[in-house]
């Protein structure tokens, strides 16, 4: 294994849902391509374990077998890896376009990428399961991007998979602009019909890269838990909505001013396109 360890994660142990305890495991990821990886630049890594993750063709993972809490060596093993300087440094990324060295990572659903002997890549109908494709950068051209955008995948039982045009293509183009801005400009200059303002509402971003504005939390099922805060570029000031705050001295009061200082990695959801600038960092 390379000495360039970029992340350490601990897995196993006692489940919060009960059931049988499993031995702890340390997942140690090393990679010599991290400095050429767009995911790594956002503190992410495809090799970090996730439910639907398929790993990375470049990162190397070594699993160190540990113990259950009944074993004498349990705490020594746990402390050893939790104190590692690379413990939990990286997160598994969302399904997003990426670049690693001379390859483009293409993770989107409803599309199968066929690479021919000539090196040409073609867009085909999807097969079973989700796949991640590694496309040579020399093959990731304006023509290929147009193939993806005009493609109308067909379901195995017949009929168009409409989610591709409605959801995947807009997200793919937004990712293209973020990861390959020069190629995006070349593409929309060639195919002007795709030169439309992206829709950012609902996307996840680093709070500290947003314009000063109101930011909101909206519960999917329980509107009474919605929150609204004002971001001034340094602090969040409470405006309205649900608060997990309580005072014991009296039950009859109102919150006049409440300010919090978010961490550098704080993530929020975009609620208005005007919040986004050219420097906004997306994490989805």
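The set of residues in the stretch 176-203 being touching a strand residue (DSSP E or B) at 6+ places or on another chain (Cβ under 8 Å) and part of a helix (DSSP H, G or I) consists of 178, 179. Applying the criterion of being assigned to a helix (DSSP H, G or I) and touching a residue at least 12 places away in the same chain (Cβ under 8 Å) to the residues of the stretch 204-245, the residue that is nearest to residue 281 (Cα to Cα) is 209. Restricting attention to the stretch 129-150, the residues that are touching a strand residue (DSSP E or B) at 6+ places or on another chain (Cβ under 8 Å), under 17 Å from residue 186 (Cα atoms) and either without any contact (Cβ under 8 Å) to a residue 12 or more places away in the chain or surrounded by 17 or more Cβ atoms within 10 Å (Cβ to Cβ) (or both) add up to 4.
Here is a check on your reading of the model: is residue 56 outside the structural domain of residue 36 (by TED's automatic domain parsing), at pLDDT 90 or above and surrounded by 13 or more Cβ atoms within 10 Å (Cβ to Cβ)?
Values: outside the structural domain of residue 36 (by TED's automatic domain parsing): no; at pLDDT 90 or above: yes; surrounded by 13 or more Cβ atoms within 10 Å (Cβ to Cβ): yes.
In short, no.
Where strands (runs of 3 or more DSSP E) sit wholly within the stretch 37-118, those with at least 1 residues that are touching a residue at least 12 places away in the same chain (Cβ under 8 Å), under 24 Å from the mean Cα position of the chain (by Cα) and closer than 19 Å to residue 284 by Cα occupy 98-100, 103-106. With respect to the conditions (1) free of Cβ contacts under 8 Å to residues at least 24 places away in the same chain; (2) touching a helix residue (DSSP H, G or I) at 6+ places or on another chain (Cβ under 6 Å); (3) more than 30 Å from residue 43 (Cα to Cα), residue 177 lacks only one, and its number is (3).
For residue 126, indicate whether it is in contact with a helix residue (DSSP H, G or I) (Cβ under 6 Å, 6 or more places away or on another chain) and surrounded by 12 or more Cβ atoms within 10 Å (Cβ to Cβ). Step through it out loud before you land on a result.
Numbers: in contact with a helix residue (DSSP H, G or I) (Cβ under 6 Å, 6 or more places away or on another chain): no; surrounded by 12 or more Cβ atoms within 10 Å (Cβ to Cβ): yes.
For residue 126, the condition - in contact with a helix residue (DSSP H, G or I) (Cβ under 6 Å, 6 or more places away or on another chain) and surrounded by 12 or more Cβ atoms within 10 Å (Cβ to Cβ) - is not met.
Filtered by the rule that a residue be over 19 Å from residue 88 (Cβ atoms) and buried (at least 16 other Cβ atoms within 10 Å of the Cβ), the stretch 7-22 gives no residues.
Residue-by-condition table, conditions (1) surrounded by fewer than 15 Cβ atoms within 10 Å (Cβ to Cβ); (2) under 30 Å from residue 169 (Cβ atoms); (3) under 24 Å from the mean Cα position of the chain (by Cα); (4) not assigned by TED's automatic domain parsing to the domain that holds residue 173:
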{"residue": "187", "(1), (2), (3), (4)": "no, yes, no, no"}
{"residue": "215", "(1), (2), (3), (4)": "no, yes, yes, yes"}
{"residue": "250", "(1), (2), (3), (4)": "yes, no, no, yes"}
{"residue": "257", "(1), (2), (3), (4)": "yes, no, no, yes"}
{"residue": "261", "(1), (2), (3), (4)": "yes, no, yes, yes"}
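Taken over the stretch 151-170, the criterion of being part of a helix (DSSP H, G or I), in contact (Cβ under 8 Å) with a residue 12 or more places away in the chain and either surrounded by fewer than 12 Cβ atoms within 10 Å (Cβ to Cβ) or in contact with a helix residue (DSSP H, G or I) (Cβ under 7 Å, 6 or more places away or on another chain) (or both) is satisfied by 169 alone. For the condition surrounded by 10 or more Cβ atoms within 10 Å (Cβ to Cβ), modelled with pLDDT under 90 and under 24 Å from the mean Cα position of the chain (by Cα), residue 199 qualifies.
The values are calculated or read from the model by the stated rules, or taken from the named source; none is laboratory data. Small disclaimer: the values here were computed from a predicted structure and weren't measured. Methodologically, a virtual Cβ is constructed for each residue, glycine included, from the backbone with ideal geometry; neighbour enumeration extends over all protein chains shown.
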